[in-house]
1. Any residue at all in the stretch 124-138 that is over 30 Å from Ser209 (Cα atoms) and either out of contact with any Lys or Arg (no Cβ under 6 Å at 6 or more places or on another chain) or of a type in the set (Phe, Trp, Tyr) (or both)?
2. So which of Phe251, Phe227 is within 27 Å of Trp163 (Cβ to Cβ) and at pLDDT below 95?
3. Checking the structure you have, find out if any residue of the stretch 135-153 is touching a Pro at 6+ places or on another chain (Cβ under 8 Å) and either part of a loop (DSSP other than H, G, I, E, B) or hydrophobic (A, V, I, L, M, F, W, C) (or both).
4. Identify the residue in the stretch 72-88 that is part of a helix (DSSP H, G or I) and under 19 Å from His4 (Cα atoms) and, among all such residues, is modelled with the lowest pLDDT.
5. Given the structure, is Ile344 aliphatic (A, V, I, L, M), modelled with pLDDT of 90 or more and more than 30 Å from Gly61 (Cα to Cα)?
6. Considering each residue of the stretch 96-124, count those that are in contact with a Phe, Trp or Tyr (Cβ under 6 Å, 6 or more places away or on another chain), part of a loop (DSSP other than H, G, I, E, B) and closer than 15 Å to Ile83 by Cα, and give that number.
7. Can you pull out every residue in the stretch 287-332 that is hydrophobic (A, V, I, L, M, F, W, C), over 19 Å from Gly357 (Cα atoms), in a helix (DSSP H, G or I) and over 24 Å from the mean Cα position of the chain (by Cα)?
Amino acid sequence: MDVHSKTFSLCAYNPKTRIYSNRIEIENNMKLVKKYAYNLLSEAENLDTELIFGYEAGCLGFTLADDIKKMGFECRVMAPSTIRIASTDRIRKTDRRDAKSLAEALANDAYSQVHIPDQEDREVQAYIRMREDVQDMVKQTKQRINAFLLKQGKQYDQGKSKWTICHRKWLKEVELTPLYREVLDEYLITLEELEIKVDRYDTRIVEISNQERYQEFVDKLSCFKGFTRPIAMRIVSEIGDFSRFQTAGQFASYLGLTPSEHSSSESENKGTITKMGNSHVRKTLIEAAQSMVRGIPGRKSKILKKRQEGNSSKVIHYADKGNMRIQSKFKRMMNSGKNRNTAITACAREMACFIWGMATGHIEERVDTPIPVINPETGEILVG
């Protein structure tokens with residue numbers, strides 16, 4: 001199925017005969033989908049014919065899959081970036097051609113299936129994604145303020161970092177003409193309103209994280225540096241069941257954090273990350289990595305110590321090892337001349353592996369190992 005808000009393009013494919021059939025476009029109407037399905041079954045020569053629906057994840061979310069399952073048919077939601085389509089189908093993209101390609105990919109398992117969360121996780125996802133949308137608006141407003149002031153020849157030179165208390169004070173006092181001052185004040189009012197919203201959303205997300213369904217795992221994830229409860233909730237609600245990933249590498253690959261490979265008979269080259277899979281979690285881990293790599297490896301803030309309270313010593317030890325390992329990895333990569341974004345991405349990939357270990361209980365083999373002593377300047381492991 002190639003699905004859109006108003007229309008569906010459908011095509012059936014029999015993997016045994018390799019024959020396409022019943023290619024049709026219909027309105028977005030489940031009665032018509034049901035009629036199409038039963039027509040296919042009535043035409044089938046084998047009474048045991050199994051009918052499986054599939055469509056790309058997109059504008060219709062998971063409600064279409066729910067509706068098809070209610071009809072008694074299996075339905076799979078396909079990750080768009082993982083669907084392998086014949087080169088001829090890439091040349092000219094049409095809905096009918098898409099439906100044909102999707103049917104073939106579905107029959108040949110030439111795709112990765114999207115995890116369908118339960119209703120409660122979907123609701124939490126929607127709330128957290130709303131928060132992310134508003135946070136993006138905060139970022140955009142800050143960029144507009146910076147661009148506006150740059151055009152007026154005004155640059156902040158009282159510190160290295162912007163959006164600190166000092167920078168915000170400067171914004172309110174910088175000399176401008178009356179109308180320009182009014183423009184900047186309106187921008188600042190908008191920014192303040194958006195930031196208040198984000199704070200309110202975060203408070204609500206923390207409340208949700210304390211529900212029995214989420215609390216234990218969120219408590220554990222909060223032991224990692226850079227992982228506030230709202231950040232931990234983003235990961236928990238998006239992933240759901242971590243046990244569906246057999247290894248830490250499989251989890252990192254699902255997030256699109258593993259390098260792409262370009263191989264030939266003579267060489268094997270690794271490129272940039274694949275960026276396949278769940279972009280929300282990938283973005284969250286990269287943001288968390290930006291925070292985690294700051295500071296001196298092994299040094300814990302009072303805030304982090306507070307978050308770790310109430311967790312078992314094994315969980316805290318495992319998180320501390322992860323924090324130190326990732327911080328030292330970042331310093332080593334930067335000292336060797338690696339690009340900062342490359343280093344941050346590598347740290348996010350490492351973090352994904354530690355999260356998988358925490359989620360699946362694979363921490364026993366590491367908790368008995370002493371935490372290494374690391375040179376805070378170079379990230380080099382001195383002892384351990």
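1. no
2. The unique qualifying residue is Phe227.
3. Scanning the stretch 135-153 turns up no residue that is touching a Pro at 6+ places or on another chain (Cβ under 8 Å) and either part of a loop (DSSP other than H, G, I, E, B) or hydrophobic (A, V, I, L, M, F, W, C) (or both).
4. The extreme case among them is Ser81.
5. yes
6. The number of residues fulfilling the criteria is 0.
7. Hit for the stretch 287-332 is Ile303, nothing else.
Here's the yes/no breakdown for (1) assigned by TED's automatic domain parsing to the domain that holds Asn311; (2) under 17 Å from the mean Cα position of the chain (by Cα):
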position	(1), (2)
Glu186	no, no
Leu191	no, no
Glu195	no, no
Val198	no, no
Phe224	yes, no
Ala232	yes, yes
Ile239	yes, yes
Ser243	yes, no
Phe251	yes, yes
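The values are calculated or read from the model by the stated rules, or taken from the named source; none is laboratory data. None of the values given here were measured: they were computed from a predicted structure. When we count neighbours, we look across all protein chains shown, and the Cβ atoms used for this are built from the backbone with ideal geometry, even at glycine.
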